[in-house]
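Quick notes on the structure that follows.
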Amino acid sequence: QLEMAAATADGSAASIRYGVAKVVEEEAHAAGGTFAPSALRAAHEVVSQFLLVCADDCAAFSKHAKRQTITHDDVELVVRNSPSALAAVREAVESSKKGRTERAAKRKAAAGAAQASAAVRRRGAGTPSSAGASSVAPDTPRSFGGGAGEAGESSELDDADLLALV
């Protein structure tokens, strides 16, 4: 496990180095200048040390709250004195929540479509008999379970019936 941790740390350091280089390159280009390699190394070191301090502080806040998981609340506490960093954290959290909500809605829609498909397969043809279909307006509710008052049957439509109408 020690080797895996070292490999992860090396990979993280490389990712940080790459991210810092990209940001520095963009900022230098926007300013019309360049960064010396030594300045890039110094920027990487500053960012790495800052991330280590933030990680330690997040862990301390989480431990104080008697949690083992670091949450966005812990990160917000770490950056609370920097309005721009706090705004960035909150924006990232909202974006993440919105993305989760959209993914959940897509999963729910896919599950509904799968249920409708299964209902169609269970019914065979998937539509009411053609005998009465043409005489009823498309948006008029229809009962597929038999007429009201028949023994043991309800006149209400179940979810599968409603999905088959759509």
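Points to keep in mind about this one:
- Reported count of residues in the stretch 6-35, each being open to solvent by 70 Å² or more (accessible area, probe 1.4 Å), farther than 24 Å from V79 by Cα and aliphatic (A, V, I, L, M), is 2.
- Meets criteria (at pLDDT below 90, surrounded by 12 or more Cβ atoms within 10 Å (Cβ to Cβ) and in contact with a Lys or Arg (Cβ under 8 Å, 6 or more places away or on another chain)) for A92: no
- All positions within the stretch 36-84 that are aromatic (F, W, Y) and surrounded by 13 or more Cβ atoms within 10 Å (Cβ to Cβ): F61
- Enumeration of residues in the stretch 64-95 that are outside any loop (DSSP other than H, G, I, E, B) and within 25 Å of A13 (Cβ to Cβ): H72, D74, V75, V78, A85, A88, V89, A92
The values are calculated or read from the model by the stated rules, or taken from the named source; none is laboratory data. What you see is a predicted model; the values in this text were computed from it and never measured. Don't worry about glycine lacking a Cβ; one is built from the backbone with ideal geometry, like all the others, and counts go over all protein chains shown. Side chains included, ligands, DNA and RNA excluded: accessible areas come from the protein's heavy atoms. Shrake-Rupley method; radii C 1.70, N 1.55, O 1.52, S 1.80 Å.
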